[in-house]
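Everything below concerns the one structure shown next.
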Amino acid sequence: MKFLIITHVLHKSQGNQYFAYAPYVNEMNVWLKYVDTVHIVAPLVSDSISQIDSAYHHETISISKTPSIEFTSFKKIIRSLFKLPKICYTIFKACKTADHIHLRCPGNMGLLGCFIQILFPKKTKTAKYAGNWDPNAKQPWSYRLQKWILSHTFLTKNMQVLVYGHWEHQTKNIKPFFTASYYNSEKESAITRDYTGELRFVFTGSLVNGKRPLLAIQVVEALHDEGLKVRLDIYGDGILREELQQYVTKHNLEQVFFFHGNQSKETVKEAFKKAHFALLPSKSEGWPKAIAEAMFFGAIPISTRISCIPFMLDYGKRGILIDADLNKAVLQIKTAINNIETLELMSKHASNWSQNYTLDVFESEIYKLLK
């Protein structure tokens, strides 16, 4: 099978290997176990390989380099419009020779792929929509357009669209799906935490506005100000890191907040095992691995009511759902942590549920899609 991937994810090369953002590549490597050749249409940059990059594992892999495109300002829109014909031709040519077309959405490359795949109704196709599929979510027009095209069974033929969560009134090609990080062999019984001493919170993710890391810090700060013994370990990096560190220093909170930057999977795994809570007050998510991975080891998730997260948390039985308002969020967390018996049940339910979604199960489902 000639397998084609169309994605906006930035790629890097080193020797005969191609690298990209590790969670994405690790997932794609599962798909690539069952294909003969791999071709990727994606932006290729000359940046150095970082700790959060991972390599594709396949003997026969090639890439068609495309320039990155952005539509966030007038100048970028004009530049991107000039690049579109070449990018579209590259995608079309790749689709023509592929046996299976795989789109990664949402994203600019995914949007172009959505249009071009219409010209190949007989080809077998899949799309992974890694964002929020909630039909009522407020999203950019390009995201809504991708969702509309993918759901339109007249325009989009012979495609299975993998989405996070179960949503009503979907077309027959929409398939509820999930993602995974750990194998069956990594399952452990959830450790019974002591909720009467210091409460350890962990934040994992990019330090960008969409993840609301400042709100996470302010929530823990408010709990600290009310006399609770707490700490927050922050794993991840991003444009807000310096600003967040300055906030912590300004408020003399260096003994409460700890910035670890990007760390290995094993380091983060150990952090989940020690944490009481995983805090992620995001603006938008698909299937947040930061939540699912924490739950796997019994850390109780605390998150906003977005995308499929209420489903993941069983509407409050497997975690704490909060509002994005600081005062409300603090009150909701305080109410929950006052009941130790409930916390112990949450931890157990979270672990039991998350351990159903292992890489073994994920690989089995991918095999079914491809075979």
(request) If a/c stays under 1.5 just call it rounded; otherwise compare a/b with b/c (prolate if a/b is bigger, oblate if not). Do that for the stretch 44-129, with a ≥ b ≥ c from the square roots of the Cα gyration tensor eigenvalues. (result) oblate
(message) Within the stretch 337-365, list the residues whose amide N lies under 20 Å from a label point set 7 Å along Cα→Cβ of Glu266.
(response) 359
(message) To make sure I understand the rule: partners must be aspartates and glutamates, Cα under 17 Å from the Cα of Lys86, and not fewer than 8 residues away in the same chain. Which ones qualify?
(response) Glu70
(request) For the stretch 21-71 and the stretch 274-320, write down the distance between their C-alpha centroids in whole Å. (result) 28 Å
(request) Quick one: which residues, 5+ away or cross-chain, put their amide H under 5 Å from the amide H of Asp53? H built at 1.01 Å from N. (result) Ala22
(request) Quickly rank 54-67, 95-108 as a protection proxy: mean count of other C-beta atoms within 10 Å, highest first. (result) 95-108, 54-67
(request) Answer rounded, prolate or oblate for the stretch 188-354, using the Cα gyration tensor with square roots of eigenvalues a ≥ b ≥ c: rounded when a/c is under 1.5, else prolate when a/b is larger than b/c, else oblate. (result) rounded
(request) Mind ranking 201-207, 339-345 by how tightly packed they are, going by the mean number of other C-beta atoms within 10 angstrom, highest first? (result) 201-207, 339-345
(message) Relative contact order for the stretch 188-354: what percent, with Cα pairs under 8 Å and sequence separation of 6 or more?
(response) 25 percent
(message) Checking the a/c ratio against 1.5 first, then a/b against b/c, what shape does the Cα gyration tensor give for the stretch 1-149?
(response) rounded
(request) Report relative contact order for the chain in percent, whole number only (criteria: Cα-Cα under 8 Å, sequence separation at least 6). (result) 14 percent
(request) Pull up all non-local amide H partners of Ile63: gap of 5 or more, or a different chain, and H-to-H distance under 5 Å with H placed in the peptide plane. (result) Ile40
(message) Please report the antiparallel percentage of the DSSP beta bridges confined to the chain, to the nearest 5.
(response) 10 percent
(message) Mean Kyte-Doolittle hydropathy of -1.0 or higher plus an axial Cα length of 30 Å or more: which whole DSSP H helices in the chain meet both?
(response) 74-97
(request) Could you sort 314-324, 349-359 so that the peptide with the highest average Cβ count within 10 Å comes first and the rest follow in order? (result) 349-359, 314-324
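No value in this document is a laboratory result; all are computed from the given coordinates. Only a predicted model underlies this, so the values are computations on that prediction, with no experimental measurement involved. Methodologically, a virtual Cβ is constructed for each residue, glycine included, from the backbone with ideal geometry; neighbour enumeration extends over all protein chains shown.
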